[in-house]
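Since the structure comes first, as structure tokens, the remarks are kept for the end.
The values are calculated or read from the model by the stated rules, or taken from the named source; none is laboratory data. Since the structure is predicted, the reported quantities are computational estimates derived from the model, not experimental observations. A quick note on method: Cβ atoms are made from the backbone with ideal geometry, for glycine too, and the neighbour counts reach across all protein chains shown.
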Amino acid sequence: MLRTHSCGELRLEHVQTKVKLAGWVQRVRNKGGLIWVDLRDRYGVTQLIFEEGSTDKALLEKAAQLGREFVIQAEGIVIERTSKNDKIPTGSIEIKVDSLNVLNPAKVPPFIIEDETDGGDDLRMKYRYLDLRRGVVREKLQLRHRMMQETRKYMDAANFIEVETPVLIKSTPEGARDFVVPSRVNPGEFYALPQSPQTFKQLLMVSGFDRYFQIVKCFRDEDLRADRQPEFTQIDCEMSFVEQEDILSTFEGLTRHLFREVKGIELEEVQRMTFAEAMKFYGNDKPDLRFDMKFVELNELTQGKGFGIFDAAELVVGICAKGAAEYTRKQLDALTDWVKRPQIGAKGLVYVKYNADGSLKSTVDKFYSSEDLQSWADAFGAEPGDLMLVLSGDAKTVRKQLSELRLKMGEELGLRDRTVFKPLWVVDFPLFEWDEETQRYHAMHHPFTSPKKEDIALLESDPGAVRANAYDLVINGVEIGGGSIRIHDRPTQQLMFKHLGFSEEEAQKQFGFLMEAFEYGAPPHGGIAFGFDRLCAIFGGSDSIRDYIAFPKNNSGRDVMIDSPSTIAQDQLEELSIRVQLKK
Ligand code: ASP
């Protein structure tokens, strides 16, 4: 070994030990006759000292030549520091070096490789391998590693078998576009990369595997956001002979295990809410329950009093922000502008201040008496000091707008604490979702999800009202996982495809293999998949999943380090029998 210890290991008890360390030069401080070098590796930073008088002159000169990020090996004696640094675990000692070996010099790095860096996002992504040397970045990947190990521990102990499924497959419908790969030996034909291993894990149930899991890469060609990457990782799971309740308790168990082992947190009871309740009270199928601020519908109290905007609205609905009556005119104007931005799209914002003295002041005093306003306050359960914010319009749109405003108010009032975790199961999702663009129903989860038995009769008459055996795990307003109890017989699966607008031939061509498998003894089964990157980000207290991926892509789906995607050589195209002609 080129070293006896790591750079994070030595303490006072090692004083007088002869050691050999290897690592990267993080920083050199040269005070003439005295040189300190911070030596870094994955485990920490240790200070090296070279001192005129006691250090050999040639050695001192050699030390003076060291630059940032040189890879060196240093041998010496551990001594106690005169001025200690209690910010790092090795801060009580330093190494009095008697031999120094430069293993590899380094160019000056394009940004400072310390927790606080001067490197912008793009630069750090281009040199991601240098960015990954920074302690704060490395810690995130260490967290990810812990989460993976603990997931495997829990799943293994619960009898799940990890099975790998293929990456070159044909399209699985998870609602996004596929990435495709041309086949050289089958000219003109393409594989699709899996949006998830959905059909394979169901086939494994038909095979009798009973409990499957896989920590697996999935690929979806979607527009990117902070919490989306074209390739991402799922903890993908499937179980046989189960009902919804069994899945919820097994994966509540996994969630609990991860919080306990990785964060030392004992999770409280995971709440349950139906999709319908989530939409009604939070305008959102992934409500952030770290704070209350539930929607209150005000149609009855507000309509028929001469205020045309409310009278014309399908829904008048509001939230009560506790303790926000102190908001200044300027703050309220800013909120109004905020809801009117095109991203939110509200026409305006009505507010009522419940002043500390008990009086009520609103933007619609012209139309409503103080008794009227008091009745709103009662509906909200508001107290003096609170601020009521009301929006109106078409029900679906206004719920969405108010949901955004609720989150914004939660943020402004400091109610979205990253150290608090509020997990929630949202259950009873609709089976179908109406798509305005294509003017037809889509599967809200995916086409393999089973309808609730008691709703099957509605399939023909009112498809939009059919509920599915589908569930999502939400933590702090982020969808962490989702799954369903599956269809496991051919006739129901065929019926489902029919409702989704597939012709019999299309369904057979795309999913004939699965429907055929259902005819050879398919057990009742169901499963779930967790978005592993998001789970890591939530555990780490961050919004961006990119920080938890070693080599992420940027917002244009580009890896700026290896410069991909890129064109390929003409002979590669020839081999694939492909001619590229881009559409103008
Ligand atoms: N395949 C689904 C997804 O990726 C999860 C599941 O239904 O198990 O969202």
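Computed values, structure above
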quantity: Conditions (1) modelled with pLDDT of 95 or more; (2) more than 16 Å from the ligand (Cβ to nearest atom); (3) over 30 Å from Leu267 (Cα atoms); number of the one not met by His488; calculated: (2)
quantity: Strands (runs of 3 or more DSSP E) fully within the range 12-97 counting 3 or more residues that are charged (D, E, K, R); calculated: 18-30, 34-41
quantity: Strands (runs of 3 or more DSSP E) within the range 165-238 that include 1 or more residues in contact with a Cys (Cβ under 7 Å, 6 or more places away or on another chain); calculated: 211-219
quantity: Selected residue [within 18 Å of the chain's Cα centre (by Cα) and either closer than 15 Å to Ala529 by Cα or away from the ligand (no atom under 15 Å from the Cβ) (or both)] from Val136, Val181, Val216; calculated: Val216
quantity: Subset of the range 184-197 [within 9 Å of the ligand (Cβ to nearest atom) and free of Cβ contacts under 8 Å to residues at least 24 places away in the same chain]; calculated: none
quantity: Residues satisfying the stated conditions in the range 442-451, i.e. under 19 Å from Thr172 (Cβ atoms) and part of a strand (DSSP E or B); calculated: His442, Ala443, Thr449
quantity: Filter result for Met515 (away from the ligand (no atom under 16 Å from the Cβ), touching a helix residue (DSSP H, G or I) at 6+ places or on another chain (Cβ under 9 Å) and touching a residue at least 60 places away in the same chain (Cβ under 8 Å)); calculated: no
quantity: Enumeration of residues in the range 159-174 that are in contact (Cβ under 8 Å) with a residue 60 or more places away in the chain and either in contact with a strand residue (DSSP E or B) (Cβ under 7 Å, 6 or more places away or on another chain) or of a type in the set (Phe, Trp, Tyr) (or both); calculated: Phe160, Lys170, Ser171
quantity: Residue that is surrounded by 18 or more Cβ atoms within 10 Å (Cβ to Cβ), touching a Ser or Thr at 6+ places or on another chain (Cβ under 7 Å) and aromatic (Phe, Trp, Tyr), where the choices are Phe213, Phe219, Phe200; calculated: Phe200
quantity: Close pairs from the range 235-251: first closer than 14 Å to Asp210 by Cα and more than 14 Å from the ligand (Cβ to nearest atom), partner among the acidic types (Asp, Glu) and modelled with pLDDT of 95 or more, Cβ under 8 Å, at least 6 apart; calculated: Phe241/Asp210
quantity: Residue within the range 518-537 that is surrounded by fewer than 19 Cβ atoms within 10 Å (Cβ to Cβ), in contact (Cβ under 8 Å) with a residue 24 or more places away in the chain and under 30 Å from Asp227 (Cα atoms) present; calculated: no
quantity: Among (1) more than 16 Å from the ligand (Cβ to nearest atom); (2) closer than 26 Å to Ala529 by Cβ - the single one Pro384 does not satisfy; calculated: (2)
quantity: Any chance Val466 is β-branched (Val, Ile, Thr) and within 16 Å of the ligand (Cβ to nearest atom); calculated: no
quantity: Members of the range 269-291 found to be over 20 Å from Phe429 (Cα atoms) and more than 21 Å from the chain's Cα centre (by Cα), listed by number; calculated: Glu269
quantity: Count of residues meeting criterion [closer than 28 Å to Arg329 by Cα, under 23 Å from the mean Cα position of the chain (by Cα) and in a strand (DSSP E or B)] in the range 383-441; calculated: 0
quantity: Failed item in (1) more than 16 Å from the ligand (Cβ to nearest atom); (2) surrounded by 16 or more Cβ atoms within 10 Å (Cβ to Cβ); (3) not basic (Lys, Arg), with Glu460 passing the rest; calculated: (2)
quantity: Failed condition for Glu150, given (1) over 19 Å from the mean Cα position of the chain (by Cα); (2) in contact (Cβ under 8 Å) with a residue 24 or more places away in the chain; calculated: (1)
quantity: Enumeration of residues in the range 162-178 that are within 16 Å of the ligand (Cβ to nearest atom) and among the hydrophobic types (A, V, I, L, M, F, W, C); calculated: Val163, Val167, Ile169, Ala176
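A quick yes/no check of all residues on (1) at pLDDT 95 or above; (2) under 25 Å from Lys153 (Cα atoms):
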{"residue": "Ala176", "(1), (2)": "no, no"}
{"residue": "Tyr191", "(1), (2)": "yes, no"}
{"residue": "Asp221", "(1), (2)": "no, no"}
{"residue": "Glu231", "(1), (2)": "yes, yes"}
{"residue": "Val242", "(1), (2)": "yes, yes"}
{"residue": "Glu252", "(1), (2)": "yes, yes"}
{"residue": "Arg256", "(1), (2)": "yes, yes"}
{"residue": "Val262", "(1), (2)": "yes, yes"}
